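The structure appears right after this line, and notes come after that.
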Amino acid sequence: MAEVVFHTGIAEPLGFACRMLRKACRQGARVLVTAPGPTLAALDRALWTFDERDFVPHLRVSAANAASDQAARTPIWLVDGPAPPESPTILVNLGAPVPEDAARFSRVIEIVADTPDEAGAARERWRTWKAHGLLPTHHSAANS
């Protein structure tokens, strides 16, 4: 059964995601990141620039290049839309809807900004994860 963790009240979601993805990469994890298109584009740029001494290998992946050698060698996949079947089973979500194939993920990390709109959307995703038979856990930045 998948572990679903919500990190809420995050003041800088892209910076938080960059640090989390850097850590995952250092630990040898492969991660699928989903988000609305503009957020994913901003994350792509941020991963290139957030730390001048460090590089987090990542790739924009679609159904067309998911089976490529480059995708197989890249630990962080940025996907706008449905996840290709070959994608990693750890999911970091920055506001995209819960995937149709939610059960395929071994771990899910929801990163939620500190705005009322993001909180409302996250509550809906929480309910959706529960409808899939999963019990999300919550970590609030306000309590950190």
Query raised in the report: Under a point spin-label approximation (7 Å from Cα along Cα-to-Cβ), what is the Asp51-Asp101 distance to one decimal in nm?
Result: 3.1
Query - Zone of Ala29's modelled label, taken as backbone nitrogen in the stretch 86-100 under 13 Å from a point 7 Å along Cα→Cβ - result: 88-93
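Report relative contact order for the stretch 1-84 in percent, whole number only (criteria: Cα-Cα under 8 Å, sequence separation at least 6).
Working: 90 pairs, mean separation 28.3, N = 84.
Relative contact order comes out at 34 percent.
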Report task. Select one label from (1) 19.0; (2) 15.3; (3) 16.1: the one whose number is Kirkwood radius over Cα pairs in Å as derived from the coordinates shown. Result -> (2)
**Report entry** GluC sites (Glu not before Pro) restricted to DSSP loop in the stretch 1-97 with at most 13 other C-beta within 10 Å
**Finding:** Glu52, Glu86
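What FRET efficiency would be calculated for the residue pair Arg19, Ala42, taking the C-beta separation as r and a Förster radius of 22 Å, to the nearest 0.05? Mind dumping the intermediate values first?
Numbers: r = 15 Å, r/R0 = 0.69.
After rounding to 0.05, the efficiency reads 0.90.
Every number here is computed from the coordinates shown, using simple stated rules; none is lab data. A quick note: this is a predicted structure, and the numbers were derived from the prediction, not measured. Reconstructed Cβ throughout: ideal geometry from the backbone, glycine too, with neighbour counts over all protein chains shown.
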